[in-house]
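*Asks:* After the structure tokens below, expect a handful of questions from me.
Coordinate-derived values only; no laboratory data. Because the structure is predicted, anything quoted here is derived from the model rather than measured. Note that we place each Cβ from the backbone using ideal geometry, even for glycine, and neighbour counts take in every protein chain shown.
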Amino acid sequence: MRFMKNQFVKAALGVVMVCAFALPAAAQEVKIGVVSLQAIVERAPQTKAVMDALREEFAPREREILAKQKEIEDLQAKVQKDLAVMGETERRNAEKNLRDLGRDFQRLQTEYQEDSNVRQNEEFGVLQRSVLKEVQDYAQAQGYDLIVGDGVLYVSSSVNITEEVLNAIVANYKATSE
């Protein structure tokens, strides 16, 4: 019983000591800001530049897919038109060609989609890291102690610094691209 009483006294004394040391730290004003990273990534000029670069990178393959699709449509129309006058062997060959073209088309589409997704993920990963670094630089320059990101259920306009950070990112982007 005496042991428990001593432990309780020690614990209470520890809590009092922690509170005494924490009080001055709590009295200091803490500067907190909230940033919506999603809003910044959506509206940053770097996002448009990345999207334009990806569109340009994949444009030749997209044209190739469209050409293959047109080739299939033209062959289907020709086979439908000539079906009545085709012999059995000729009809089978035409159907085989259509199946082969269809498989090639599906393969091209699948490869394009996979490659496009991989490149988008790569580029947006770089973009997100860049935006995160800019947010951190802004927070340090402005003397923030804590920046909270996505997942916030409510934020007042007094601590929401998304627009200020976005303006800084736009200014940095313009400065580096000139």
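*Asks:* Along the Cα-to-C-beta direction of Asn172, a point sits 7 Å from the Cα; which residues of the range 128-162 have their amide N less than 12 Å from that point?
*Replies:* 128-142
*Asks:* I'd like the distance separating the alpha-carbon centroids of the range 35-89 and the range 99-178, in whole Å.
*Replies:* 25
*Asks:* Under a 5 Å amide H to amide H cut-off, with H placed in plane at 1.01 Å, what residues pair with Gly33 once short-range neighbours are removed?
*Replies:* Leu146, Ile147, Val148
*Asks:* Can you compute the charge dipole magnitude of the range 41-144 about its Cα centre, using +1 on each Lys and Arg Cβ and -1 on each Asp and Glu Cβ, nothing else charged? Give it in debye, rounded to the nearest 20.
*Replies:* With Lys and Arg at +1 and Asp and Glu at -1, about 180 debye.
*Asks:* Moving on. Among Gln80, Gln28, Leu166, pick out the residue whose Cα is farthest towards the positive end of the charge dipole of the range 26-177, where Lys and Arg carry +1 and Asp and Glu carry -1 on C-beta, about the Cα centre.
*Replies:* Ranked along the dipole, the leading option is Gln80.
*Asks:* Once R0 is set to 41 Å, what does the formula 1/(1 + (r/R0)^6) return for the Cβ-Cβ distance between Asn121 and Thr89, expressed as a FRET efficiency to the nearest 0.05?
*Replies:* Using R0 = 41 Å, I get an efficiency of 0.30.
*Asks:* I want to check the label-to-label distance for Arg103 and Asn160. Put each point 7 Å from Cα in the C-beta direction and report it in nm to one decimal.
*Replies:* 5.6
*Asks:* Which residues among the range 129-161 fall inside the zone where the amide N is under 19 Å from a point 7 Å beyond the Cα of Glu29, along Cα→Cβ?
*Replies:* 139-148, 156-161
*Asks:* Once you have a ≥ b ≥ c as the square roots of the Cα gyration tensor eigenvalues for the range 26-177, tell me rounded if a/c is under 1.5, and otherwise prolate or oblate according to whether a/b is larger than b/c.
*Replies:* Prolate shape, in that a/c is at least 1.5 and a/b is the bigger ratio.
*Asks:* Please report the relative contact order for the range 52-178, taking Cα pairs under 8 Å with a sequence separation of at least 6, and give it as a percent rounded to a whole number.
*Replies:* Rounded, it is 27 percent for the range 52-178.
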